[in-house]
Amino acid sequence: MKSKRTISIKDPQLRIVRNNLRSIIISAASVKKSESLKAENNDESMFWEIERPLRTSILLCSACFQSDKNMNYNPVRRIWYHTEWYEVLKKGNEKRGTPEELY
Ligand SMILES: [Zn+2]
């Protein structure tokens, strides 16, 4: 099993580059999603072909959809959380005794 990992960029200028690249990709995906749902296309499967991988990608936090944060990966759930949210999840789950691989 893959282990949990954190992708963290500390350099402020590199964060700007990362955030801009994420924004460009998310914007392009939004345009494609809009096109897929226009009346002449109305292709919901195309919408989900774009939306599904976007939701599980490092581009967006799975909990709050922010895209300008450092991210933590959960290999069991195959999703990314922004680091601050992950710490909140971790504390709550530790109190409840949830197995670590689930959060
Ligand atoms: Zn988040």
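A short reminder: the numbers here are calculations on the coordinates, not readings from a lab. Being a predicted model, the structure only gives us computed values, none of them experimental.
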Exercise for review: Tabulate in residue order the Karplus-calculated ³J(HN,Hα) for the stretch 65-74, using 6.51 cos²θ - 1.76 cosθ + 1.60 with θ = phi - 60°, rounded to whole Hz; enter x for Gly and Pro.
Suggested key: 6, 6, 10, 10, 10, 6, 10, 10, 9, 9
Exercise for review: Would you mind checking the radius of gyration and Dmax of the chain based on alpha-carbon positions, in Å?
Suggested key: 16.0, 51
Exercise for review: Report, by chain and number, residues whose modeled amide H sits under 5 Å from the one on I58, excluding near sequence neighbours (fewer than 5 apart, same chain).
Suggested key: none
Study note, to complete from the structure: For the chain, longest principal axis from Cα atoms; helix 44-56 axis from its Cα atoms; angle between them, nearest 10 degrees, is 30
Point to revise | Relative contact order (%) - criterion: Cα under 8 Å, at least six apart; region: the chain | key: 26
Review point. What is the total of Lys pairs in the chain with C-alpha atoms under 18 Å apart, excluding same-chain pairs fewer than 8 positions apart?
Key: 5
Study note, to complete from the structure: Per the stretch 5-49, sqrt(5λ) over the Cα gyration tensor eigenvalues, sorted largest first, in Å, gives 32, 12, 4
